[in-house]
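Student: Here you go, one structure.
The values are calculated or read from the model by the stated rules, or taken from the named source; none is laboratory data. Computed from a prediction, not measured in an experiment: that's the story for all the values here. Virtual Cβ from ideal backbone geometry, glycine too; neighbours counted across all protein chains shown. Ligands, DNA and RNA are stripped out before the accessible areas are found, and what is left, the full protein with its side chains, is counted by its heavy atoms. Shrake-Rupley method; radii C 1.70, N 1.55, O 1.52, S 1.80 Å.
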Amino acid sequence: MNRDTAEIDKFAALAHQWWDENGELRTLHQLNPLRLAWIAQQADGLADKTVLDIGCGGGILAESMAKASAASVLGIDLADKSIKVAKLHALEAGIKNLRYQSIAAEELAAQQPASFDVVTCMEMLEHVPDPASIVQAAAAALKPGGTAFFSTINRNAKAWALAIVAAEYVLGLVPKGTHHYDKLVRPSELAAWARAAGLDLIASSGVEYNPLTRRVRLSANTDVNYMLAFSKPA
């Protein structure tokens, strides 16, 4: 199975932190509105669509997609503790159009091929042994004409300095040890995996974060954090 037990355990240990907007995962909450808006824009809206969120964690993005539209959202993750937190939070919020399941992306895609209008996979590719397999699964789960979204971190000296050294060890924006340089993904690599899976690149964007103002903005600079959107030919 395409899983890294150490990575899963690492995020499972943070399960109680998922919905603490001032805790160790606060940066994800600060990034989320920007990501949600970009996804909705590139997908031509989410209303009444079926959405799959791969590597959903505690459900920050999945829940926001369900709340922002009438979309039917399924979040999947291999960290059982995170899934339990996500389910509880959705239950407390009374969200009916949102489900969670502890299952691998590849297995879900085999069970439900060509079933989703939108597939998202944010900040996950750099945490699995075979990221290309995740991209392939996302493409398989996507309906023809659907849109897939990925966000991750570039692999270069600048990304190492800002996303690992500064973010983890100097500023404490994310927990220490969250990222490993050799697992980071260049945009060219992600685009190649997507092409091999039958997807066409339709949009890209850099994501820049100012730790002093805590403001996030989109940019053309994909040197560090970035998002790519792909379509599946009809």
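Student: Go through region 67-88 and report how many residues are open to solvent by 50 Å² or more (accessible area, probe 1.4 Å) and either of a type in the set (Asp, Glu) or touching a residue at least 12 places away in the same chain (Cβ under 8 Å) (or both).
Tutor: Within region 67-88, residues that are open to solvent by 50 Å² or more (accessible area, probe 1.4 Å) and either of a type in the set (Asp, Glu) or touching a residue at least 12 places away in the same chain (Cβ under 8 Å) (or both) number 8.
Student: For region 153-164, does any single residue satisfy the condition of being over 21 Å from Ser72 (Cα atoms) and in contact with a Cys (Cβ under 9 Å, 6 or more places away or on another chain)?
Tutor: No: region 153-164 contains no residue that is over 21 Å from Ser72 (Cα atoms) and in contact with a Cys (Cβ under 9 Å, 6 or more places away or on another chain).
Student: Continuing with this model, one more query. Here is a list: Ala220, Ala163, Ala132. Which entry is among the hydrophobic types (A, V, I, L, M, F, W, C) and touching a helix residue (DSSP H, G or I) at 6+ places or on another chain (Cβ under 8 Å)?
Tutor: Among Ala220, Ala163, Ala132, only Ala132 is among the hydrophobic types (A, V, I, L, M, F, W, C) and touching a helix residue (DSSP H, G or I) at 6+ places or on another chain (Cβ under 8 Å).
Student: Kindly indicate whether any position in region 96-112 is within 30 Å of Leu212 (Cα to Cα), of a type in the set (A, V, I, L, M, F, W, C) and open to solvent by 60 Å² or more (accessible area, probe 1.4 Å).
Tutor: no
Student: Of everything in region 191-214, what is open to solvent by 60 Å² or more (accessible area, probe 1.4 Å) and touching a residue at least 24 places away in the same chain (Cβ under 8 Å)? Give them in sequence order.
Tutor: Trp193, Ala196, Asp200, Leu201, Ile202, Ser204, Arg214
Student: Please go through region 173-210 and give me each residue that is in a loop (DSSP other than H, G, I, E, B) and in contact with a strand residue (DSSP E or B) (Cβ under 6 Å, 6 or more places away or on another chain), ordered by number. Explain how you work it out, then say what you get.
Tutor: First, the residues of region 173-210 that are in a loop (DSSP other than H, G, I, E, B): 173-180, 184-186, 197-199.
Leu184, Val185, Leu199 - these are the residues of region 173-210 that are in a loop (DSSP other than H, G, I, E, B) and in contact with a strand residue (DSSP E or B) (Cβ under 6 Å, 6 or more places away or on another chain).
Student: Here is a further query. Among (1) buried (at least 22 other Cβ atoms within 10 Å of the Cβ); (2) within 22 Å of Asn210 (Cβ to Cβ), where does Leu28 come up short?
Tutor: (1)
Student: Asp53: surrounded by fewer than 18 Cβ atoms within 10 Å (Cβ to Cβ) and not hydroxyl-bearing (Ser, Thr, Tyr), yes or no?
Tutor: no
Student: Can you work out which of the residues in region 154-181 that are modelled with pLDDT under 90 and of a type in the set (Val, Ile, Thr) is most open to solvent (accessible area, probe 1.4 Å)?
Tutor: Among them, the one singled out is Val170.
Student: Return the residues of region 211-221 that are part of a loop (DSSP other than H, G, I, E, B) and either closer than 30 Å to Ala234 by Cβ or out of contact with any Gly (no Cβ under 7 Å at 6 or more places or on another chain) (or both); say none if nothing qualifies.
Tutor: The answer is Pro211, Leu212, Thr213, Arg214, Ala220.
Student: Follow-up. Filter region 81-132 for residues that are of a type in the set (S, T, N, Q) and at pLDDT 95 or above and give the result.
Tutor: Asn97, Gln101, Ser102, Gln111, Gln112, Ser115, Thr120
Student: Does Phe116 count as touching a Gly at 6+ places or on another chain (Cβ under 7 Å), within 21 Å of Pro233 (Cα to Cα) and either of a type in the set (Asp, Glu) or open to solvent by less than 20 Å² (accessible area, probe 1.4 Å) (or both)?
Tutor: Values: touching a Gly at 6+ places or on another chain (Cβ under 7 Å): yes; within 21 Å of Pro233 (Cα to Cα): yes; either of a type in the set (Asp, Glu) or open to solvent by less than 20 Å² (accessible area, probe 1.4 Å) (or both): yes.
Yes.
Student: Please enumerate the residues belonging to region 141-153 that are open to solvent by less than 40 Å² (accessible area, probe 1.4 Å) and either in contact with a Phe, Trp or Tyr (Cβ under 6 Å, 6 or more places away or on another chain) or not aromatic (Phe, Trp, Tyr) (or both).
Tutor: Passing the criteria: Ala141, Leu142, Gly146, Thr147, Ala148, Ser151, Thr152, Ile153.
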